[in-house]
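Please read the structure below before turning to the comments.
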Amino acid sequence: MTEIGNPENKKISTTRVLLFLIIGFGVSNVFRFDVLNLNKNLEDNLNSSYLILEGILEGSGIFIAGLLGLSLLKKQRKVTVSFFGTSKYKSLSMASIPTILLIAFGVHNKYGINTHLFGLIAAFGSFIYCIMEEYGWRGYLQEEFQFLKPTAKFLSIGFIWYAWHLSFLTEATLVDNLFFLATLILGSWGIGQIAALTKSILACSCFHLIVNIFMYNHFFNNAFSGTSKLVILNVSVSLWVWILTKWKKA
């Protein structure tokens, strides 16, 4: 196994990182680009449940890669991140806020499901997907790059996060790709601060969820007005900041 850096417990394993990239990119993008032509059949047979399964399939590669990376990293040094982090109560409180708001506002859908019920389904399905991704980016990769300088760490995570989406292979313009790259680099820094403070995958997933609501997401595509999105953003972030302030003082 090729190692970089000193001392022993600060080494970055190129083998771990390569395994993470191969599994994360390979498995997830098979489903994201529908290489197996599953999407139409799954949607026809599962209706709204297909949206949850689609998220699980697309996030599966990065989730498996993140769990494997963490498992191997734990053999070298202590890993501090976990699902609830240092506070189960605060993590669950953060997750409950957008969930309640999505139920209250309701999410319009083409399946004929009550909008408030679909708000719960959308929150549940989106959180599953965000948690799966966060196990890769903040769960494993940020822990692997823990001892890099902040600029190198967050630029590296942001570029890998961007590359994983393979958006440059789609019809997106150069400007769209540059904006997306900048968003993910900024997100790597911002959500990275949440990970450092809380050690919580669930807390990180809350901020990831907000990004998904405002950008492309199967559940929220034309599902409610821009005003509703802004209310959900402002209320959620305001309450999260208050919770994080309490978390920091604990």
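The values are calculated or read from the model by the stated rules, or taken from the named source; none is laboratory data. In this text the structure is predicted, and so the values were computed from the model without any measurement. Because the Cβ atoms are built from the backbone with ideal geometry, glycine has one as well, and the counts that use them run over all protein chains shown. The protein model used for the area step is the full one, side chains on, heavy atoms only, and it has no ligands, DNA or RNA in it. Shrake-Rupley method; radii C 1.70, N 1.55, O 1.52, S 1.80 Å.
Structural remarks
- Within segment 214-230, considering residues that are part of a helix (DSSP H, G or I) and among the polar types (S, T, N, Q), the one farthest from Leu202 (Cα to Cα): Thr227
- Subset of segment 154-170 [in a helix (DSSP H, G or I), more than 29 Å from Lys90 (Cα to Cα) and open to solvent by 60 Å² or more (accessible area, probe 1.4 Å)]: Phe159, Phe168, Leu169
- Selection count, segment 202-230, where residues are farther than 18 Å from Phe105 by Cα and open to solvent by less than 20 Å² (accessible area, probe 1.4 Å): 5
- Of all residues making up segment 96-114, the number that are in a loop (DSSP other than H, G, I, E, B) and under 20 Å from the mean Cα position of the chain (by Cα): 0
- In segment 236-249, the residues that are open to solvent by less than 40 Å² (accessible area, probe 1.4 Å) and either within 20 Å of the chain's Cα centre (by Cα) or of a type outside the set (Phe, Trp, Tyr) (or both): Ser236, Trp240, Ile243, Leu244
- Residues located in segment 79-94, provided they are surrounded by fewer than 21 Cβ atoms within 10 Å (Cβ to Cβ), touching a residue at least 24 places away in the same chain (Cβ under 8 Å) and not aromatic (Phe, Trp, Tyr): Val79, Thr80, Ser82, Thr86, Ser87, Leu92, Ser93
- Set Gly5, Gly24: member being open to solvent by less than 50 Å² (accessible area, probe 1.4 Å), of a type outside the set (Phe, Trp, Tyr) and modelled with pLDDT under 75: Gly5
Here is a yes/no grid of residues against (1) within 24 Å of Val17 (Cα to Cα); (2) touching a residue at least 24 places away in the same chain (Cβ under 8 Å); (3) open to solvent by less than 60 Å² (accessible area, probe 1.4 Å):
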site: Ala123; (1), (2), (3): no, yes, yes
site: Met132; (1), (2), (3): yes, yes, yes
site: Gln142; (1), (2), (3): yes, yes, yes
site: Ala152; (1), (2), (3): yes, no, yes
site: Ala172; (1), (2), (3): no, no, yes
site: Phe180; (1), (2), (3): yes, no, yes
site: Ile185; (1), (2), (3): yes, yes, yes
site: Gly190; (1), (2), (3): yes, no, yes
site: Ile194; (1), (2), (3): yes, yes, yes
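- Leu233 vs. criteria within 30 Å of Lys110 (Cα to Cα), open to solvent by 40 Å² or more (accessible area, probe 1.4 Å), in a helix (DSSP H, G or I) and not β-branched (Val, Ile, Thr): yes
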